[in-house]
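Scroll down for the structure; my scribbles are underneath it.
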Amino acid sequence: MNRKVSGLEGKEGSGPFGGPIASSDTAPSPQADHEYTPRSPAKYGAPWGTITTEPQPKRPYASQTTIDAISDRLSSRDRAILQSVDEHQFLTARHIGILHFDSIAPDARSRITRRVLSRLRELRVLAATERQIGGVHAGSQSLVHRVGPVGDRILHDRTDRARRTSEPSLRFLRHRMAVADAHVALIAADREAQIDLESSVVEPATSRAFTGPGASRRIIKPDLYAETAASRDSEFVQAWFIEVDLGTESIPTLLRKCRDYAAYRQSGIEQDQHGSFPIVIWSITHRDPAKADNRRQALTAAIVADRGLPNALFRIVAPEQLLPLIQSGGTL
């Protein structure tokens, strides 16, 4: 069934809008690696390379023969895990457990996930960052995984050395974990039939380039793009650009990003390609709940006060309101 993507149609001043702004190794063991059918890449996003920054200390070079041998030993689930980590740049064992071990009983899932990830790290298919994330990611689940040098060469068919990377800043890592939290939550909701997630990708696969005012080259980089339907039988699909803010950017900075979205909508590119423009969701939080609420109210007020911004284009919510908002079609 061909579905029509619904959202904000047309450029500024035309077409309907949504509702009001929301309120302020060895071979895998049968037990650990039973037969696995990966989710459709078109539904949950395509892999993208890891970040490239400064060189790390040299590691033993793996010959192409070694790379090929390791690649041949990877199960379909091993490869799916590698692709998921590559797409998100960083994932915890908790994320990976939800994405790729959901069919395993909860009492065994964590143990089997850790065992598989340990094997992939030993093979250097995956690597662990030196930083660990606390809070809900604490304890044995706090290890943060990235693509390892062997995994990079397998993914990108490299015959030379893998791309070099450096440790991410804690601020950057926390943001990537929050984006992964949002994405994994949508995938889990789709599996539980709470939403119908047609497709989704994370930044940088979400990037859109366009020509802004004065013929300037502009680009928007949503943290997450998703298309959802109210039900499996629904004729229409709603598109979303999702931005995750942890209280590290100023309100004027967030407002400038809102203006970039409005300028991109004015270009008409998205509408020409998909028929309508996605609703932009700001998922805003802070370690201090009072400050988080104040920031949501402040951004809402700033958008309303800016005459150049179409208010109906944006929704501002707390992270726990993201799924209910999408379930409601944007009218929460």
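The values are calculated or read from the model by the stated rules, or taken from the named source; none is laboratory data. It should be emphasised that the depicted structure is a prediction, and the values quoted were computed from it without experimental measurement. Methodologically, a virtual Cβ is constructed for each residue, glycine included, from the backbone with ideal geometry; neighbour enumeration extends over all protein chains shown.
Quick check on the stretch 202-209. Is at least one of its residues in contact with a His (Cβ under 9 Å, 6 or more places away or on another chain), of a type in the set (Asp, Glu), surrounded by 15 or more Cβ atoms within 10 Å (Cβ to Cβ) and under 26 Å from Asp86 (Cβ atoms)?
no
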- Take the residues of the stretch 118-159 that are over 12 Å from Gln89 (Cα atoms), in a strand (DSSP E or B) and among the charged types (D, E, K, R): which is modelled with the highest pLDDT? Glu130
- Return the pairs, sorted by first residue and then second, in which the second residue is of a type in the set (Asp, Glu) and outside any helix (DSSP H, G or I), the first residue lies in the stretch 292-312 and is within 14 Å of Leu246 (Cβ to Cβ), the beta carbons are less than 9 Å apart, and the residues are 6+ apart or on different chains. Arg295/Asp245; Leu299/Asp245
- Query: Would you call Ser267 more than 17 Å from Ile279 (Cα to Cα) and either in contact with an Asp or Glu (Cβ under 7 Å, 6 or more places away or on another chain) or not β-branched (Val, Ile, Thr) (or both)?
  - Reply: no
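So, Ser169, is that one in contact with a strand residue (DSSP E or B) (Cβ under 7 Å, 6 or more places away or on another chain), polar (S, T, N, Q) and either in the same structural domain as Phe241 (by TED's automatic domain parsing) or at pLDDT below 95 (or both) or not?
Details: in contact with a strand residue (DSSP E or B) (Cβ under 7 Å, 6 or more places away or on another chain): no; polar (S, T, N, Q): yes; either in the same structural domain as Phe241 (by TED's automatic domain parsing) or at pLDDT below 95 (or both): yes.
The answer is no for Ser169.
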- Task: Could you list all residues from the stretch 263-291 that are crowded, with 19+ Cβ neighbours inside 10 Å and either under 19 Å from Val317 (Cα atoms) or among the aromatic types (Phe, Trp, Tyr) (or both)?
- Result: Tyr264, Phe277, Pro278, Ile279, Val280, Ile281, Trp282, Ser283, Ile284, Thr285
- Task: For the stretch 179-189, indicate whether the set of residues that are surrounded by fewer than 16 Cβ atoms within 10 Å (Cβ to Cβ) and either touching a Gly at 6+ places or on another chain (Cβ under 6 Å) or within 24 Å of His274 (Cα to Cα) (or both) is non-empty.
- Result: no
